[in-house]
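Below is one structure, written out as structure tokens; the observations come after it.
What follows draws every value from the coordinates through simple rules; no lab data is involved. It should be emphasised that the depicted structure is a prediction, and the values quoted were computed from it without experimental measurement. Heads up, the Cβs are rebuilt from the backbone with ideal geometry, glycines too, and the neighbour counts pull from every protein chain shown.
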Amino acid sequence: MIVLTMAVTGCATIESGGSSGGAVGDKKIVKKVYPAVDPKITVAYEMALRSMRAGDTAKAEQQLKKLADDYPQFSGPHNNLGILYYRDGKLDEATTAFGNALKINPDSVVSLNYLGIISRGKGEFKQAQDYYEKALQVDPDYAYAHLNYGILLELYMGKLPEALVHYKRYQELNKEDDKKVSGWIVDLDRRIKK
């Protein structure tokens, strides 16, 4: 997965209390405003993404580092550097890149999800759980966090009913049925009923 946008131009979140914003019961909608993206930055970012898609890791890394240095207000280059490093097995560098993205945008579900995967791989299951839960708190419809949280719950924490909920939610959110996950759901459902 490649993060396709530099930054979201606006995002609604709901907070309790207060009197400003659009009222929804006793909650208000707060709009987060992100920096506007200059078209020349967008072009440079798209070029970096094309390099990633083409498998030109060295070029993509160079382009993304330049974007991250030149435009430190955007989390997208850091997210994609993290993905590049993760794919290359450079987990320390990936962790740093995702951490940098979270400093800019604490609600980056991509970074949270990947940090969960990295933590799970290191055997840091509670930390992985925290990352997945935070990602799902930010975006309850982020399919990959449901999938990876389900894997953690089933294989590493033995929480089968909870894992089944996340696998099913992943399938609901996925545009196409994931046959592998469908098999996991059937198997897990059988194991739970025993």
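Residues 69, 56, arranged from fewest to most other Cβ atoms within 10 angstrom of their Cβ, appear as 69, 56.
Multiplying the residue separation of residue 91 and residue 42 by 0.36 nm and removing their Cα-Cα distance gives an extension gain of 14.9 nm. Considering only Cα-Cα distances, which of the following residue pairs are longer than 26 Å: 103/175; 90/179; 122/180? The answer is 103/175; 90/179. Taking the simple approach of a point 7 Å from Cα along Cα-to-Cβ for both residue 194 and residue 137, what is their distance in nm? Each label point lies 7 Å from its Cα, and together they span 3.5 nm. Shown here for the stretch 51-153: trypsin sites (Lys or Arg not before Pro) in loop regions (DSSP other than H, G, I, E, B) with at most 16 other Cβ atoms within 10 Å, namely 90, 122. With R₀ fixed at 41 Å, the C-beta to C-beta distance from residue 160 to residue 53 puts the FRET efficiency at about 0.65.
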